[in-house]
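Any read-out appearing in this document is the output of simple, stated calculations on the displayed coordinates, not a laboratory observation. All of these numbers come straight from a predicted model, not from anything done at the bench. No Cβ is skipped: glycine too gets one built from the backbone with ideal geometry, and neighbour counts run over all protein chains shown.
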Amino acid sequence: MVPPDYSVYFMTMAPVGATLFGLIFVVISIAPASIATASAPRERQVKALTAYSALLNPVIISLFALVPHQQIGIVVIVLSLSGLLNTLTMVPALVQHAVQWRARFRNSPFILAGFLLYGYETYSAIRLLQSPTDSSALTALTDVLIIIAVYGVARAWELVGIRQFQVQDWLASFGTTKKQENASNTNAANAGTDLKKEGS
């Protein structure tokens, strides 16, 4: 079992992770034909698989961490390598099938993030195998589990089809607002000038 200092974290992560894991089934139930069937777009199937893997990862690790005298390093390395393999399969799945280049470009950051997250998780697992009570390795693991959960939520969020907020959209709307304000100020100034001319 993990040191007592981390028990509260894993006792919290287990139910929270399970709740988030249920999100993927809610998403699939919204439009099962577009995700779970053989004719579903390949890109959506990949998103569902990566979301499923990412959301399940913290749940299983947290549950095993609460088992007395359990060596969680073995569980962590199995799940992290599974995540790396899953991320690796995303590349040929998107390249070999008729997926538009925009979809490939859109999924590239998630592929890179998957390699980084699961790679770091694997590194933490190796350290835990060498020293199960290594506090720095456990701290690193707890941090990466939170990020992996957020990563899974982001993939599930994409499956719903909700348009993501982008910085360039905010900047564009901000620029439009400033232009409208400048135009209003200019019109007000011109109106004031015209009134002065009429008064003179």
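What the table shows:
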read-out: R0 of 35 Å, Cβ-Cβ distance I126-T19: FRET efficiency to nearest 0.05; value: 0.75
read-out: Residues R155, R127 arranged by fewest to most Cβ contacts within 10 Å; value: R127, R155
